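Undergrad: Got a structure for you, questions after.
Where a number appears in this text, it was derived from the coordinates with a stated rule and is not lab data. Just so we're clear, the structure is a prediction, and the values are computed from it rather than from any experiment. Cβ placement follows ideal geometry from the backbone for every residue including glycine, while neighbour counts extend to all protein chains displayed.
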Amino acid sequence: MKLSEIINNVVKTDPSHDIDRLAEEFRVYDVYWDDSKKISAYFYQVWQCTDTWVGGKVYFFEDTPVCISWQPARKSSEEIYWISNELAMKVKDYIFSLRQEDEYPINTIQDMEEEMGTGYQVSYACQLLTKDVIHKYTKEPLKVLDTYRSEIISHRIKVEYLDGRQEDIELEDVEIPYLVDKSQ
């Protein structure tokens, strides 16, 4: 039997109207559910792999065959093979017409002059990626000597002050300076 005979004579019972796989083919992931059932698919060969029906399908758009698909196993991707470029473009145009028109939220900066302080903080000493920190309260620059990485979760660090004095302090008492060019 020829492929064209299979496509044109597939038994049209138990249709699937799920358009997600065809939408994915065009990298469209935000389509509204299509109640018109313009797209349907029918297995021309089918078997059960674990808990999923797999095999070959014929997809129709407005009762015209447009492509076939092949999925050999449950965890395999369903591969799509178009009958022609023209039919693929008709389906693509239809799928694009179903895209959600909702506006996507764009986060914009509300105040460019907002005060951000002298730096930022991290939760655990092992997250420190610099040896230069600022004392949160005195604003004195400090050098990190040890983050006590041997401890599973450390919230303390050993620092050296400008005068050479060394001390263990809590991580919450320091800020990490922003990574900016200070010569500007």
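Undergrad: Return the lysines within reach of K182: Cα separation strictly under 28 angstrom, same-chain partners fewer than 8 residues apart disregarded; answer none if there are no such residues.
TA: Excluding near neighbours in sequence, the set is K131, K136, K139, K143, K158.
Undergrad: What's the local net charge at H135, with K and R +1, D and E -1, over the other residues with C-beta under 9 Å away?
TA: Once all neighbours under 9 Å are counted, the net charge is -1.
Undergrad: While we're looking at this one, here's another question. How many nm separate the modelled label positions at Y137 and L179, each set 7 Å beyond the Cα in the direction of the Cβ?
TA: With each label point 7 Å from Cα toward Cβ, the separation is 3.0 nm.
Undergrad: A further question on this structure: Under a point spin-label approximation (7 Å from Cα along Cα-to-Cβ), what is the K37-I153 distance to one decimal in nm?
TA: Here the modelled spin labels are 5.5 nm apart.
Undergrad: Need the list of lysines near K38 for cross-linking: C-alpha distance under 21 angstrom, and skip anything on the same chain fewer than eight residues off.
TA: Cross-link targets: K12, K57, K90, K92.
Undergrad: Modelled label-to-label distance, T64 and R99, 7 Å Cα→beta-carbon offset: nm?
TA: The modelled label-to-label distance comes out at 2.3 nm.
Undergrad: D for the chain, whole µm²/s, Stokes-Einstein with Kirkwood Rh over alpha-carbon pairs at 10 °C and 1.306 mPa s: what number?
TA: Taking Rh from Cα pairs, D becomes 71 µm²/s.
Undergrad: What shape does region 119-177 take by its C-alpha gyration tensor, where a ≥ b ≥ c are the square roots of the eigenvalues and a/c under 1.5 counts as rounded, a/b above b/c as prolate, and the rest as oblate?
TA: Note, shape of region 119-177 comes out oblate.
Undergrad: So how much slack lies between N8 and A73, counting 0.36 nm per residue of separation and subtracting their Cα-Cα distance, in nm?
TA: 20.9 nm
Undergrad: How high is the relative contact order of region 3-97, in percent, with contacts defined as C-alpha pairs under 8 Å that are six or more residues apart?
TA: Computed over region 3-97, the figure is 23 percent.
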